Amino acid sequence: MGVFWFYWVSFSLRFAGLTLAIPLEIFFIALTFGVIFMIAGLFSNLLLRALCIVAFGYTYPLNFNWLNFELIFVGTPFFPSPLVLFGVLIGLVFLRKTRGVLLALVLACSANLFWASAPNELPFKAKFVETNVPQNLRWNANALGGIVAQNFALIEEAIREKNRLVVLPETAFPLVLNANESVVKRLRALSQEIAILTGALAYENGVFYNSAFLFDKGEMRRFDKVVLVPFGETNPLPKFLARPLNRFLFGTEDDLTPASAVSDYEVSGVKFRNAICYEATRPEIYEGKPKFVIAISNNAWFLPSTQMVLQNLHIRRFELLHGTKVFHAVNR
């Protein structure tokens, strides 16, 4: 499971000049999840094993929560909840004795047709941009001018299409936006015609943030990422191990800094919850059952792989669990 679900996590090493370390990271991932499954194997009672499998979805090794077997129910008649997963596993345990009656009962009771709610719709026209900037060019100084020009062209196209809101992906502007006066000035000017949400880095009080910036009617607001990606944006190991590892891998001891709480904002009276990439697959974002979430992602780190499929399944699962509509702008 560790290898085939999460081999792609190691692909980001390509952009740190550590391609040869990819097999080692895949082995480390496999070993980690192997230990988790070994724990379930310690129990001879099948019901306890089933309970362990459900619990895996709520056990976050190194703060990574993407091993969740409820995902296999997304897009099926089964509702993707822990209770239904446990019920199905019990049904499989007793399948021979009950001739599938229990399994059929769980299927009927969990059918999406009984759980589905009316989809949330926006009262105005919005554009969620998909870009295709390769990761090896995103932070290349020679490519910066072209990327910025493309972003402004996409915003102007959204204005011509008479959208009220345009959303660009995570780090669509690959720079420290709050320190770039010329780009901010132009975004403020364009926001007189359309609300603009875009990803970029922010720098304040000596630390960096992965942020979303909202420009509307000439005003700028910033929303920083709350849940950082383990080993990508923050090192979950103890500091005495994390700092030398960061120095070896990235040339710096510092991680990005997380925000203290999730961010909400409004556009034309409609309230949105902010989510940046990994956050859109975390339960913290869905606390309070927000009606709308706008997620921005840069998935180019992991291409080609199954990462985007897993991300989409997690987002759809949270939509079903919380009655939330997630809008997603992605760089692929």
Failed criterion for residue 9 (all others in (1) among the aliphatic types (A, V, I, L, M); (2) open to solvent by less than 20 Å² (accessible area, probe 1.4 Å); (3) under 20 Å from residue 277 (Cα atoms) hold)
(2)
Expected output for the range 309-324 (first residue free of Cβ contacts under 8 Å to residues at least 40 places away in the same chain, partner assigned to a helix (DSSP H, G or I) and surrounded by fewer than 20 Cβ atoms within 10 Å (Cβ to Cβ), Cβ below 8 Å, 6+ apart or cross-chain) is 318/283
Need a quick list: strands (runs of 3 or more DSSP E) entirely within the range 154-241 having at least 3 residues that are touching a strand residue (DSSP E or B) at 6+ places or on another chain (Cβ under 7 Å), farther than 30 Å from residue 6 by Cα and open to solvent by 10 Å² or more (accessible area, probe 1.4 Å).
219-224
Residue by residue through the range 257-302, note down the ones that are surrounded by fewer than 20 Cβ atoms within 10 Å (Cβ to Cβ), part of a helix (DSSP H, G or I) and of a type in the set (D, E, K, R).
284
Across the range 118-147, the tally of residues that are assigned to a helix (DSSP H, G or I), within 25 Å of the chain's Cα centre (by Cα) and either touching a residue at least 40 places away in the same chain (Cβ under 8 Å) or exposed (fewer than 15 other Cβ atoms within 10 Å of the Cβ) (or both) stands at 4
Any chance residue 29 is part of a helix (DSSP H, G or I), at pLDDT 90 or above and within 24 Å of the chain's Cα centre (by Cα):
yes
Is it the case that some residue within the range 34-57 is under 21 Å from residue 316 (Cα atoms), in a loop (DSSP other than H, G, I, E, B) and in contact (Cβ under 8 Å) with a residue 12 or more places away in the chain?
yes
Six or more apart or on different chains, Cβ atoms under 9 Å: show the pairs whose first residue is in the range 148-164 and of a type in the set (Asp, Glu) and whose second is assigned to a helix (DSSP H, G or I) and crowded, with 18+ Cβ neighbours inside 10 Å.
156/190
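The values are calculated or read from the model by the stated rules, or taken from the named source; none is laboratory data. The structure presented is a predicted model; accordingly, all values stated were derived computationally and were not measured. Methodologically, a virtual Cβ is constructed for each residue, glycine included, from the backbone with ideal geometry; neighbour enumeration extends over all protein chains shown. Areas reflect the complete protein model, heavy atoms only, side chains present, ligands, DNA and RNA absent. Shrake-Rupley method; radii C 1.70, N 1.55, O 1.52, S 1.80 Å.
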